[in-house]
Amino acid sequence: MKPVSLICTQCGQAYPASEMRYRCDACGEPLEVEQPAAGGRIAAGNPLEQTILERYADFLPFASADRELSLGEGFTPLIASPRLAAALGIGELYLKNEAQNPTWSFKDRGTVSGVQHAKKLGYRRVGTVSTGNMATSVAAYARKAGMEAFIFVSSHIAAEKINPIAIYRPHLLRVDGDYGKLYYESLNISQANQIYFINSDATFRVEGSKTIAFEICEQLDFAMPDYVIVPTSAGGNLRGIVKGFREFFACGLIDKVPRFICAQASGCQPICQAFQAGRDRIERVLDPHTIAHGIENPFPPSGNAVLRLLQQNDGLAVAVPDAAIIEAQAMLATDGLFVQPEAAVPIAVIRRLRAENRLTGSEKIVSIVSGSGLKFTEAFAHHSLTSDECKLEEISRYIGERFNG
Ligand SMILES: *Cc1c(COP(=O)(O)O)cnc(C)c1O
Ligand SMILES: [Zn+2]
């Protein structure tokens, strides 16, 4: 490890990174790794042969990165989408396709960073509290690293989500109870059981998410977008992306930091509600319900930290209903991308902002496509999908009548 401190995101209290600590003892808010030294540069070399931890080593707290822990995460495409930009009525739209990670969501970036830290501290066990993607990711990376994994999922988890976790053979526990409270309980049991929890907004998970920002900078040739829009639940990913842009800015690699939009679902929007009311603390959502289950955390542990970031940088926080999320999922499919409902939320939010004239129409926006559509096949039921049938001998006639007539 580099000799870095962990700094409280609220009160600024510093702690050594050599100890395991999840949140600030003084105020209870999440910690973050201090800004890297000035003069950081992107490592020379070919990204086809590098890991994300190697390419962006100057900006990460590891003195050296163990590439054996990597599954080839990151370096995902940034796809220009003139078609959707036109449909949405904005200037330019870019889709950062995180579905192309080893376990099909951006979580792998933070997991590889967390596992790296856990190993350096001498842990042999890692764990997480997750409704799906993070569970899959931590189970996979723990297996690769030869570590024991403790995965706590909600007892309401969809059947199709449990086996993609179980295949990596973690200790898999379906826990009956409040998912938000389970997060805090995991921090309590961590010490006694020597389990390093790489939860949604864990300090070193956030470090991994920074690489999304770094790649966007490189892929846009350092010409910054006006906005980056992030589907947000716990807030760890948004925190990481903001931190990444700020660090590149501090090192002079970019000349401005974009504005950020926190995108949530109407049925669970604690950050948007606090933002609109001008509060600096989130309040627990009592009856969270959305089809976008990955962003259904009723009491996001980094919610207050996200509010602080939005305030500092003229950001926005906007929620959309499930029907709009499903429409956005269909829109992305018109451009060849099948994403999970969470990942479609930003597109629905852009649509809403444009309809309300809160966007002028000339903006250049990067949308974070956070995970793959195959993660949640129940969504198919909302799209009235069809197919036709015909006999082998009749194919030619069938096509002639149906499509050439
Ligand atoms: C985890 C996740 C999110 C939310 O990220 P947070 O860091 O919890 O805010 C959004 N979309 C997908 C697909 C996810 O897996
Ligand atoms: Zn503090």
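Restricting the search to segment 140-170, which residues are among the hydrophobic types (A, V, I, L, M, F, W, C), part of a helix (DSSP H, G or I) and without any contact (Cβ under 8 Å) to a residue 40 or more places away in the chain? Ala142, Ala159, Ile162, Ile165, Ala166 - these are the residues of segment 140-170 that are among the hydrophobic types (A, V, I, L, M, F, W, C), part of a helix (DSSP H, G or I) and without any contact (Cβ under 8 Å) to a residue 40 or more places away in the chain. Take the residues in segment 1-27 that are closer than 17 Å to Arg239 by Cβ and out of contact with any strand residue (DSSP E or B) (no Cβ under 9 Å at 6 or more places or on another chain); name whichever of them is nearest to ligand 2 (Cβ to nearest atom). Restricting to residues being closer than 17 Å to Arg239 by Cβ and out of contact with any strand residue (DSSP E or B) (no Cβ under 9 Å at 6 or more places or on another chain), the top hit is Cys11.
Check Asp226, Asp221, Asp255 and return the single one that is free of Cβ contacts under 8 Å to residues at least 12 places away in the same chain and among the acidic types (Asp, Glu).
Matching residue, one of Asp226, Asp221, Asp255: Asp221.
Here Glu378 passes the criteria (1) assigned to a helix (DSSP H, G or I); (2) free of Cβ contacts under 8 Å to residues at least 40 places away in the same chain except the one numbered (2). For segment 190-217, a tally of residues being surrounded by 14 or more Cβ atoms within 10 Å (Cβ to Cβ), away from ligand 1 (no atom under 16 Å from the Cβ) and modelled with pLDDT under 95 returns 1. So in segment 218-240, with the set limited to residues that are under 22 Å from Leu359 (Cα atoms) and over 9 Å from the mean Cα position of the chain (by Cα), which one is surrounded by the fewest Cβ atoms within 10 Å (Cβ to Cβ)? Residue satisfying both the conditions and the ranking: Ala223.
Could you look through segment 382-395, keep only residues that are assigned to a helix (DSSP H, G or I) and surrounded by 10 or more Cβ atoms within 10 Å (Cβ to Cβ), and pick out the one that is nearest to the chain's Cα centre (by Cα)?
Among those residues, the one meeting the criterion is His382.
One line per residue, one yes/no per condition, for (1) within 30 Å of Glu356 (Cα to Cα); (2) of a type in the set (Ser, Thr, Tyr); (3) modelled with pLDDT under 95:
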| residue | (1), (2), (3) |
| --- | --- |
| Ala38 | no, no, yes |
| Arg41 | no, no, no |
| Ala44 | no, no, no |
| Pro47 | no, no, yes |
| Ala65 | no, no, yes |
| Phe75 | no, no, no |
| Tyr94 | yes, yes, no |
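The values are calculated or read from the model by the stated rules, or taken from the named source; none is laboratory data. Quick caveat, the model's predicted, so the values are computed rather than measured. Heads up, the Cβs are rebuilt from the backbone with ideal geometry, glycines too, and the neighbour counts pull from every protein chain shown.
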